[in-house]
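Here is the structure we will look at.
The values are calculated or read from the model by the stated rules, or taken from the named source; none is laboratory data. No experiment lies behind these values; they were computed from the predicted model shown. Methodologically, a virtual Cβ is constructed for each residue, glycine included, from the backbone with ideal geometry; neighbour enumeration extends over all protein chains shown. Please note that ligands, DNA and RNA were not included when accessible areas were found on the heavy atoms of the full protein model with its side chains. Shrake-Rupley method; radii C 1.70, N 1.55, O 1.52, S 1.80 Å.
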Amino acid sequence: MTHHDKKGAGRFEPRIVAFFCNWCTYTAADLAGVSRLKYAPNTRVIRVMCSGRVDPQFVLDAFSRGADGVLLGGCHPGDCHYAEGNYKTLRRMRLLERMLKDMGVSDGRFRLEWISGAEGEKVKTVVNDMVAKVRALGPLDLPGKFKDWDSELEGLARSVHASSKEAAHVR
Amino acid sequence: MKSASNGSGPKIGFYICHCGTNIAGTIDVEAVREHAAKLPGVAVSKGYKYMCSDPGQEMIAQDIRAQGLERLVVAACSPNLHEETFRKAAAKGGLNPFFFQMVNIREHASWVHEDKAAATQKAEDQVRAAIHRVRFHKALEKKRVPVHPDVMVVGGGIAGIHAALTAANAGKKVILVEREATIGGHMALFDKTFPTLDCSACILTPKMSAVKGHPNITLWAYSEVTKVEGYVGNFKVTVKRKPRYVKEDLCVGCDACIDACVFKEAKFPDEFNQGLSKRKPVYLSFPQATPKVVTIDPKTCIQLKTGKCKMTCAAACDRKAIDFGQKEESKEVPVGAIILTTGFDAFDPKRHEYYGYGRYPNVYSALEVERLVNASGPTGGDVVLRDGRRPEAIGIIHCVGSRDEHTNKWCSRVCCMYSLKLAHLLKERTGAQVYNFYIDMRTPGKTFEEFYDRLLKEGVQFVRGRVAEVNDWAMTREEEGRLVIRVEDTLAGFVRRIPVDMVVLSQGLEARKDALDVRRIFNIGCGSDGFFQERHPKLAPVSTFADGIFIAGACQGPKDIPDTVAQAGAAAAEALALVDAGHVEMEPNTSRVVEEECSGCKSCVPLCPYSAITFDEAKKKASINEILCKGCGVCAAACPSGSIRQNLFEDDEIFGEIEGVLS
């Protein structure tokens, strides 16, 4: 996938928030840069010291603010700079994945990847692959959905209110 | 969460670096600057060709003073490169250095994207994130932690020897740990070194004795590091000292025990001579072994295997140095810095079956030939083949396990040169016709090309082409009873069959087989090739991502002796700079508990890998030991009441970034 191939103007460009751990995946992304690898410009990187710092709420917040995908990158199991932070990440994110599914956020919008500091190439392939897959899924637009749900609820509230008034009138 | 969109917050200064054309070539820096200028709170928004330069830093410091800036955001390269630079610029202007946030728009944007509009959009989003985040920053201070003055060097090859001597000469106490029974490493195996042909032992063994005799060096040979705890300046290293079954302080290496061993003949393969000769269960690796102490091999010693030996060796020792009851010992030592010089493994030529190594006795590995041509080797330097013949024609095959899609893709850097050296030595010793089969001759080094020229003049034959196969299927009378090298001569343009009596396989260099285990012990990284990963390929070539742990020599990648020694010196200098300072400054990104908000659930306590969190049963509150905390933030993410805050990575700051990139 190359972003500059913009023949189909108005093509959906997913917005992906990427949480990268400082020691492995952030460094790998630096290495991709130093190596001048080219990949899709759709990620927005937020640096954390360890993938274990990523509170599931960060992921939920990103989706609720309009992210179409969230990528979380950490050190390979056994190689965490902080010994075992990535195992805790794995544990948490498995739970979060189930929750996201129940919330209607489809598979592939959230992705956990182990990318070591030497794997600049993997940053490229993972980002390109994720962008292609999320593009195929289309926009998530949770903020829009929230609005829809709010107005549905408002409508519901209004009709409940009206019918209870009516009932009172009849009585 | 606090809204980040009102303009009443702190005054923010924003600066965008053009980095020549590195950033400005792909990102519309002026558009980003304008975008930032309109964001709430931004009082100054400027661009400059090189922000990291003196004038760039001075501009920041002046603006902080003149405009009363309270926060600083710089969009430039990776924070791993210049975060510290701009923190200092902030401090110079009188601002707490942690009121600063860096945006990486070079490595993460301009260098990896081609679409200018999309790269600019990404830069704007990331800049917005930083501006949203930085308002939540707090004034912080770096912790100063004292540093232990001792240095540990792991690996006693030429790199470790040189690093240990350098640090010890500077007055530091050094512990040199070596896995084998003697120091010396690969260099001790060689007869001559390229391109000067000076005698390897003559330049190495004085340095080995200097290590042994140095008052500042403690040499622990036959030992391995099993555990590293602590952090930069304050490591606690556990070293396993394997039993030699000989008391090191009593043995003088007189060989009386070796002569007295119940095995009258040596019958076990001698590892030092690459199995070309035999040794007894009690042995000294080579005459100059350091420490000069014999070792008893538990796999072959009858007493250690069965307990039923006459123990003539012990009886022969007048110093009573032999101790069959010796046990493995574990020692714990504190050190401030660690230098890893664990070296390389030579490629196992058995993996290239078509070259016949292990099948045809007269196919040798280059390391075997190093011993064969060595005056102190198994034949005293006489080149006699395994079948007792003297070779009349010899083929040296380059790039065995190098530049090969199927095994190792890299060039091992030293093989061309050592192949030339072996060609010279073999021709000198045997008068044989010597062929070199090469892909490309790589001779980039001081007087390397001249050495190649010399070999051409000496009449060594060079055939350009990757050898297809070595076999013993004779097609002509001349080939009978010999080895045949089949190769496409790419300069002549046809396939040749060249009969020889001896084949030398120039093995490439690989990472140690246990490099992955070692890197885990030291918490450093390996590249995809398996060699230890340096912090920066150009600017931090002997540092690693673990502060206080340095690497030198072939454990970082294939290199020759001069480069190895240069790196070892560099690593020693880095270690000295660290321990000599007497203290280190630690990132203040530790976590803390806001006591009033802590519900006392104890979720965080078992999560901390450093046992930095304790629970006060009286107060029913958790508390974090700032010295033990390494700042991963795992506890902060897990705290259900949100009462754990990680400095520099507080929830507000990260939520601010999320809001920023998506708004």
Cα-based shape type of region B:1-92, given that a ≥ b ≥ c are square roots of the gyration tensor eigenvalues and the cut on a/c is 1.5 | oblate
Ratio of Rg to Rh for the protein assembly as shown, alpha carbon only, Kirkwood?
-> 1.06
If R0 is 22 Å, what FRET efficiency do you get for B:E480 and B:R386 from their C-beta distance, rounded to 0.05?
-> 0.75
Over all residues in B:635-643, what is the mean tally of Cβ atoms on other chains that come within 10 Å of each residue's Cβ?
-> 3
Rel. contact order, % - alpha carbon contacts under 8 angstrom, at least six apart, chain B | 13 percent
Taking the alpha-carbon centre of each part, the distance from region B:238-283 to region B:554-586 in Å is 34 Å
For the protein assembly as shown, give the magnitude of the charge dipole about the Cα centre (Cβ charges: +1 Lys/Arg, -1 Asp/Glu; no others), in debye to the nearest 20.
-> 860 debye
Share (percent) of C-alpha pair distances in region A:30-142 greater than 23 Å works out to 29 percent
Nearest 10 degrees, 0 to 90: helix A:120-137 Cα axis against chain A principal axis = 20 degrees
Add -39500 (n - 2.57) for each DSSP H run of 4 or more in chain A, then divide by its residues: what number comes out at 222 nm, to the nearest 500 deg cm²/dmol?
-> -16500 deg cm²/dmol
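Please report the antiparallel percentage of the DSSP beta bridges confined to the protein assembly as shown, to the nearest 5.
Restricted to the protein assembly as shown, the bridges split so that about 45 percent are antiparallel.
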For the table B:K513/B:K538; B:K280/B:K320; B:K264/B:K327; B:K207/B:K513, the rows whose alpha-carbon distance is greater than 22 Å are B:K513/B:K538; B:K264/B:K327; B:K207/B:K513
Eligible lysines near B:K602 by straight Cα distance, threshold 25 Å, same-chain separation 8 or greater | A:K88, B:K619, B:K620, B:K621, B:K630
Tabulate in residue order the Karplus-calculated ³J(HN,Hα) for region B:368-385, using 6.51 cos²θ - 1.76 cosθ + 1.60 with θ = phi - 60°, rounded to whole Hz; enter x for Gly and Pro.
-> 5, 5, 4, 6, 5, 8, 7, 4, 9, x, x, 10, x, x, 7, 7, 10, 6
Test item: Cα-centred dipole of chain B, Lys/Arg +1 and Asp/Glu -1 on Cβ, debye = 1220 debye
Please list the helices of chain B that count as membrane-span-like by this rule: a mean Kyte-Doolittle hydropathy of at least 0.5 together with Cα atoms stretching 24 Å or more along the helix axis, each helix being a complete DSSP H run.
-> B:561-580
If the cut-off is 19 Å between C-alpha atoms, which aspartates and glutamates fall inside it for A:K133, apart from same-chain ones fewer than 8 positions away?
-> A:D5, A:E13, A:D68, A:E97, A:D107, A:E113, A:E121, A:D141
Heavy-atom accessible area per residue of the protein assembly as shown, all protein chains kept, 1.4 Å probe, expressed in Å², is 42 Å²
Pop the C-beta distance of B:I203 and B:E405 into the FRET formula with R0 = 22 Å and round what comes out to the nearest 0.05.
-> 0.05
Does region A:91-149 come out rounded, prolate or oblate, given a ≥ b ≥ c as the square roots of the eigenvalues of its C-alpha gyration tensor, rounded meaning a/c under 1.5 and, failing that, prolate meaning a/b above b/c?
-> oblate
Using only Cα atoms, locate the centre of region B:473-498 and the centre of region B:18-84, then give the distance between them in Å, rounded to an integer.
-> 66 Å
Sorted by chain and number, the residues with a modelled amide H under 5 Å from that of B:I322, at a separation of 5 or more or across chains, are B:K247
Note: B:64-73 gets an average of partner chain Cβ contacts (10 Å, Cβ to Cβ) equal to 0
Sites B:A170 and B:K227, calculated FRET efficiency, Cβ-Cβ separation with R0 30 Å, nearest 0.05 | 0.65
For chain B, what proportion of DSSP beta bridges, expressed in % and rounded to the nearest 5, is antiparallel?
-> 50 percent
Mind checking the angle between helix A:25-34 and chain A's longest principal axis? C-alpha axes, 0 to 90 degrees, to the nearest 10.
-> 60 degrees
If we count GluC sites (Glu not before Pro) as exposed when they sit in a DSSP loop and have at most 11 other beta carbons within 10 Å, what is the longest stretch of chain B that avoids them all?
-> B:1-140
Overall Cα dimensions of chain B, principal axis frame, Å, largest first | 93, 68, 41
Please work out the C-alpha center-to-center distance from region B:295-367 to region B:595-663 and express it in whole Å.
-> 49 Å
Got the relative contact order for region B:256-316 handy, in percent, Cα pairs under 8 Å and 6 or more residues apart?
-> 38 percent
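What is the extension gain from B:R464 to B:L491, computed as 0.36 nm multiplied by their sequence separation minus the C-alpha to C-alpha distance, in nm to one decimal? Provide the component values of the computation, followed by the final result.
Details: separation 27, 0.36 × 27 = 9.72 nm, distance 0.63 nm.
Net length gain for the segment: 9.1 nm.
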Quick one: of A:K122/B:K236; B:K192/B:K236; B:K38/B:K116; B:K242/B:K267, which pairs are farther than 32 Å apart, Cα to Cα?
-> A:K122/B:K236; B:K192/B:K236
